[in-house]
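The values are calculated or read from the model by the stated rules, or taken from the named source; none is laboratory data. Here the structure is a predicted model, which is why all the values come from computation and not from measurement. As a convention, Cβ positions derive from the backbone with ideal geometry for all residues, glycine included, and neighbour counts pool all protein chains shown.
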There are 2 protein chains.
Amino acid sequence: MKDENTVTSQEPSGLGRRRFMNSAALAGLTLGVAACAEKKSDGTPAAAGSAPAAAGHAGGNPSHLKPGELDSYYGLWSGGHTGDVRVLGLPSGREILRIPCFNPDALVGWGITNESKKVMGTKADGSLRYTVADTHHVHASYKDGNYDGRYAWVNDKINSRIARIRLDYFVCDKITELPNVQGFHGIFPDKADPVDPKINYTTRVFCGGEFAIPLPNTGTEDSSKYRSLFSCVDAETMDVRWQVLIDGNCDLVATSYDGKLAATNQYNTEMGAKYEDMMSAERDACLFFNVARIEAAVKAGKFKTYGDSKVPVVDGTRESNKDPKTALTAYVSVPKNPHGVNASPDAKYFICAGKLSPTATVIELAKVLEYFDGKLEAPDKAIVAEVELGLGPLHTAFDGRGNAYTTLFLDSQVVKWNVDAAIKFHGGDKSAKYVVDRLDVQYQPGHLNASQSETRAADGKYLAVGCKFSKDRFLPVGPLHPENEQMIDISGDKMVLMADHPVRGEPHDFIIFKRDLVKPKQVYNLEDFPLAVKDPKASGVERNGKKVTVRLTSQAPAFSMREFKLKKGDEVTLILTNLDKVEDLTHGFAIPKYNVNFIVNPLETASVTFVADKPGVFWCYCTHFCHALHLEMRTRMIVE
Amino acid sequence: MKDENTVTSQEPSGLGRRRFMNSAALAGLTLGVAACAEKKSDGTPAAAGSAPAAAGHAGGNPSHLKPGELDSYYGLWSGGHTGDVRVLGLPSGREILRIPCFNPDALVGWGITNESKKVMGTKADGSLRYTVADTHHVHASYKDGNYDGRYAWVNDKINSRIARIRLDYFVCDKITELPNVQGFHGIFPDKADPVDPKINYTTRVFCGGEFAIPLPNTGTEDSSKYRSLFSCVDAETMDVRWQVLIDGNCDLVATSYDGKLAATNQYNTEMGAKYEDMMSAERDACLFFNVARIEAAVKAGKFKTYGDSKVPVVDGTRESNKDPKTALTAYVSVPKNPHGVNASPDAKYFICAGKLSPTATVIELAKVLEYFDGKLEAPDKAIVAEVELGLGPLHTAFDGRGNAYTTLFLDSQVVKWNVDAAIKFHGGDKSAKYVVDRLDVQYQPGHLNASQSETRAADGKYLAVGCKFSKDRFLPVGPLHPENEQMIDISGDKMVLMADHPVRGEPHDFIIFKRDLVKPKQVYNLEDFPLAVKDPKASGVERNGKKVTVRLTSQAPAFSMREFKLKKGDEVTLILTNLDKVEDLTHGFAIPKYNVNFIVNPLETASVTFVADKPGVFWCYCTHFCHALHLEMRTRMIVE
């Protein structure tokens, strides 16, 4: 395991730099804010000794597929500010689909069709409630500890929304806005029911609220009255089941494989309103939730509600949960402003990375359960390792062979470390070399994830790393740089960098899983659409005073009506069914000057509603290439 | 050149299939609409003889860059329905940037900031005029027959708009909506002034209007009164200089290197309103414009205007341009529904592909000028070749070595052919083998372009092909398939397929040029923003009745004010200047529930205006990862 070139953090030469930083050192870090973005850290023993990038590149780089060769893994990527979920093929890193969720999408007609507006949510005047989003984390539904291909979920931090993706059609079908919270950040589905062993699949999604606000949000200035909540959303109905009032804030979320525990790391136990206050304490926390007890408390009516919200809120504060045997929550302390909490695939541990501490903390879940049973004297006794990894540790992935991979934001590295060795080292065996390898990445990595890492079937083949800065890694394109997602081969002892991929700003998190875990459907079912125009002969214009319904079908290269007439002022609902049932034969429908464009996939029906307020001739045309006569595929809308 | 495995189209074995089709055959094509999408054409001698895909893949596939290796070419890609321009690195095919133009973009804040709304255009109530677009063609400004790195332009077909991109900052700075036209499709900058030889660079952009409409658009049903126009936009002011009333429609556009000629292919000289009518004639046309004469006519006041538009419209119809010596236009006939007109890099020819005819037509520009001089008896005498290539020819690119590459939509092939040999063959030398190579592509290719193909510096290295259908080439992702853009190495005699890239629907066209032709700037100039908050001390809230101006700066990891207070009902303009001047150090700014999110790049200033209509505490936070304390970077907006 030990390599001459690898200076591990526990060795003296690394100590000065990697020493657990105190507040004074942090003040320096804060002042030197630009440095981490301006240039990579100076060479240090650890950095200099990292595995040579792309050492194994010559020969069979597995990310270099031949034309026509299919990827072996799917990746589901948070779309960042575009508010979508991106579907990648891996190891190639190719983006195959973007699934619009929170924001309009002018290709699909998301936010334009009535069907998508219903999912997205509208104001009283029918316009979209929101058109911006900030998605961070994508996670998928489980069964028996592996993905079951039913759903994925993604958060919107700006407006505290959660969206669900159906993984049969790869579309968003539900969006829920969480009450009482701001800055909803972490998200994770449960993997089993805490009580009923037959429910060995996801039925809940947990959501961490990051920013503390007044409850209800009256606008009071006194920030000591502000609170954050942890929320549980029903995986099927997408209703908010319950919330927990907590001390401190929520950041990321993890869940245990047995369904009993959920947790969130807390970077601001100080509940500070300014960043200096948020980093005053040496230790923050990983906050555990006893799911069964919380649901029992809700059932027993031990909850409050706030403002207009009907969602039951139970009390998870420290003060109200001092008795472990009845506690809904347990606060395990972890060093300074932790970022990231990740469940190991052996189902034993949650690991928190320190961010402003160079450490990772390993918490044993069996011991947390012991605490809740009154058999462990303090929550912190569940900590089985707390080891130094490097500067700015953020997130951790796993290979299923006992190794963890943690991003080091400030060091611009991924460090591979052995969890068992770390536990031994923490237990006093100073000969235990837990750092296995280090690899420089370009630059400032945030999230990372390995193939199947968040399941019991972690397979340790590929690791994707989301580097926040790309700097000089791609051709210059003006002031806005892409981020750099790097693909790393982790199948051997040494990590090998395979490829750089530029990505549009802020994808944050992603998951990677084997391609046989989903069974996508490529053609819709006509019967699934209540408005479907099932026969071209059903096409026509139906008038009911000013309310007009236009029914159309598409079959390449023609729409079923070559023209239709409206009167100025008509309130028009246009329904289009694509009767082409050939896979990949999608049609588009645009109306010039009327701000309408959407697509209908094979056997899909979509509708738009607009007021015919502009007289004239408007050539509605197919905007999605369908046929040699695609350009000629039009229908004429005449507004008299 | 001749290869045993290549059966060229002029050989007897290929004739049956590739014979110039008559209307009867076309009716069959139309009925068999789904076939072209459903499956690739059956094997034919020509298809069977195509170069083996990826024959040269083993070993040095140039599209497979090592991590950190930079691309050697830029690609500017039409973004399709997302209304943006995508910047790619080639030969890797990686997307480095998306430049929002016509549609909102929630990352940049395009359509959210006041600065972007001004470019996009708003209604009287301040909301965006349009939020959908259908971009097709991107072309860049020229000097001395090569790109000069100043501008690129892209069209929006739905709303007849043209957007300009500044290639120093890679941002859209102007959008113009064309009057009197619908379905603005083709676009091409001129390459020189037709009169002043000192102006050896782009000063005009030509725009082809595709759908004929009433002038003015009264909504009359009588389609015989409908007309299409060809438009000229000033490259600097982006004003519409003039338009030309024509017979038939405009599709794509090409310009000559001497600035004297522009042309558009016409697929609907019949001026039919239904697709069957549009394909009734055996020959349509390539319509040439005499730029100098048109501008002289405008200067001489020989024009009309329509409706509210002040743009001068000259008469380019056949009837009014019978005398070649005074004609503004010349209609050169080309076979059935041509799609694509492309200028060869030797400056001699425009080539039209037949789409519903299996032919390409080579038109010699010197002869067109002879026609305008009264020295050629008919425009059609400028045709120097009309040769069969295969089924569904659409677009043509060039390698600078005398070869053309044409996409065959129905055959799912790219055919490489020699222009001089085609001219010889057309001239009677039946031994001239003009087809050099064929390559199967996957599937149904539309546009293609080669590196530097649209310049005098065509270098024949790489060819990108935009395949409209991907079918089985990528992992399945539900009903909406990506398109498949394929990269082909054309440096040798045989084309070699290098890589498949999935792309989101409908990019259509693109250009590829050497990376040293642009000089991007990575940091803005503070002085370029009139509203810039140049010092954190200038931050504050300025109240003028209900009008409130909030001035803020950002320097990682903090905004200059940790909080600011507003009153319910305030009309707020918030101005944010990013004082971080480090390359790649971008900040974001989101206001929960207020539908605000935008970024400020290094030394950029942006502003948003909103009504503070919701009371409460709102944590405005940095949405673009900037620093280890990025999560902690917030300011508190209190609405009382």
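Based on this model, can you work out whether B:T573 counts as in contact with a Leu (Cβ under 8 Å, 6 or more places away or on another chain) and hydroxyl-bearing (S, T, Y)? No; evaluated as a whole, the condition is false for this residue.
Being under 30 Å from A:L394 (Cβ atoms) and assigned to a loop (DSSP other than H, G, I, E, B) is true for just one of B:L631, B:L603. Which residue is that?
Criteria check complete, one pass: B:L603.
Of the residues contained in the range A:600-616, one or more are found to be at the interface with chain B (Cβ under 7 Å from one of its Cβ atoms) and closer than 25 Å to B:N268 by Cβ.
Would you check which residues across the range B:189-240 are among the aromatic types (F, W, Y) and more than 14 Å from chain A (Cβ to nearest Cβ) and list them?
If the condition is that a residue be among the aromatic types (F, W, Y) and more than 14 Å from chain A (Cβ to nearest Cβ), then B:Y201, B:F206, B:F230 are the ones that fit.
Looking only at the range A:592-640, residues that are of a type in the set (G, A, S) and in contact with a Cys (Cβ under 9 Å, 6 or more places away or on another chain) come to 1 in all. Note on the range B:561-576: residues that are more than 24 Å from B:K534 (Cβ to Cβ) and outside any strand (DSSP E or B) amount to 4.
Scan the range A:564-573 and tell me whether some residue there is out of contact with any Gly (no Cβ under 7 Å at 6 or more places or on another chain), away from chain B (no Cβ under 11 Å) and among the acidic types (D, E). Yes, the range A:564-573 contains at least one residue that is out of contact with any Gly (no Cβ under 7 Å at 6 or more places or on another chain), away from chain B (no Cβ under 11 Å) and among the acidic types (D, E). Being among the basic types (K, R) and under 17 Å from the mean Cα position of the chain (by Cα) is a description that does not apply to B:K117.
Condition check ((1) more than 37 Å from the chain's Cα centre (by Cα); (2) within 16 Å of B:G83 (Cα to Cα); (3) crowded, with 24+ Cβ neighbours inside 10 Å) across all residues:
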residue: A:L579; (1), (2), (3): no, no, no
residue: A:F598; (1), (2), (3): no, yes, yes
residue: A:N601; (1), (2), (3): no, no, yes
residue: A:K614; (1), (2), (3): yes, no, no
residue: A:W619; (1), (2), (3): yes, no, no
residue: A:L631; (1), (2), (3): yes, no, no
residue: A:I638; (1), (2), (3): yes, no, no
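Within the option set A:P507, A:P530, being in a loop (DSSP other than H, G, I, E, B), more than 8 Å from every other protein chain (Cβ to nearest Cβ) and modelled with pLDDT under 95 holds for one residue only, A:P507. Could you please give the count of residues in the range A:535-560 that are under 43 Å from the mean Cα position of the chain (by Cα), under 20 Å from A:P615 (Cα atoms) and surrounded by fewer than 19 Cβ atoms within 10 Å (Cβ to Cβ)? Within the range A:535-560, residues that are under 43 Å from the mean Cα position of the chain (by Cα), under 20 Å from A:P615 (Cα atoms) and surrounded by fewer than 19 Cβ atoms within 10 Å (Cβ to Cβ) number 2.
Of the listed requirements (1) at the interface with another protein chain (Cβ under 9 Å from one of its Cβ atoms); (2) surrounded by 19 or more Cβ atoms within 10 Å (Cβ to Cβ), B:E69 misses just one: (2). Can you name the residue in the range A:287-312 that is touching a residue at least 60 places away in the same chain (Cβ under 8 Å) and in contact with a helix residue (DSSP H, G or I) (Cβ under 9 Å, 6 or more places away or on another chain) and is also nearest to A:A353 (Cα to Cα) among such residues? Selected residue: A:F288. Can you name the residue in the range B:400-453 that is under 20 Å from the mean Cα position of the chain (by Cα) and assigned to a loop (DSSP other than H, G, I, E, B) and, of all such residues, is farthest from the other protein chains (Cβ to nearest Cβ)? Among those residues, the one meeting the criterion is B:S453. Return a yes/no flag: does the range B:401-422 have any residue that is of a type in the set (V, I, T) and surrounded by fewer than 24 Cβ atoms within 10 Å (Cβ to Cβ). Yes - at least one qualifying residue is present in the range B:401-422. Looking at B:E632, is it more than 7 Å from every other protein chain (Cβ to nearest Cβ) and acidic (D, E)? In short, no.
In the range A:533-558, which residue that is in contact with an Asp or Glu (Cβ under 8 Å, 6 or more places away or on another chain) and assigned to a loop (DSSP other than H, G, I, E, B) is farthest from A:Y169 (Cα to Cα)? Filtering the range A:533-558 for residues that are in contact with an Asp or Glu (Cβ under 8 Å, 6 or more places away or on another chain) and assigned to a loop (DSSP other than H, G, I, E, B), the one farthest from A:Y169 (Cα to Cα) comes out as A:K546.
I'd like the full set of residues that are away from chain B (no Cβ under 14 Å), surrounded by fewer than 22 Cβ atoms within 10 Å (Cβ to Cβ) and either farther than 26 Å from A:E370 by Cβ or touching a strand residue (DSSP E or B) at 6+ places or on another chain (Cβ under 8 Å) (or both), limited to the range A:276-305. The answer is A:E282, A:R283, A:E295, A:A297, A:V298, A:G301, A:K302, A:F303, A:K304, A:T305.
Annotation: of all residues in the range B:256-275 being among the charged types (D, E, K, R) and more than 15 Å from B:S223 (Cα to Cα), the one that is surrounded by the fewest Cβ atoms within 10 Å (Cβ to Cβ) is B:D258. Taken together, the residues in the range B:381-399 that are part of a strand (DSSP E or B) and closer than 16 Å to B:N449 by Cβ amount to 6.
Summed over the range B:421-453, the residues that are over 23 Å from B:D500 (Cα atoms) and of a type outside the set (V, I, T) give a count of 13.
Taking the range B:474-504 as the range and being more than 9 Å from chain A (Cβ to nearest Cβ) and either part of a strand (DSSP E or B) or surrounded by 23 or more Cβ atoms within 10 Å (Cβ to Cβ) (or both) as the test, the residues that pass are B:N484, B:E485, B:I488, B:D489, B:I490, B:M495, B:V496.
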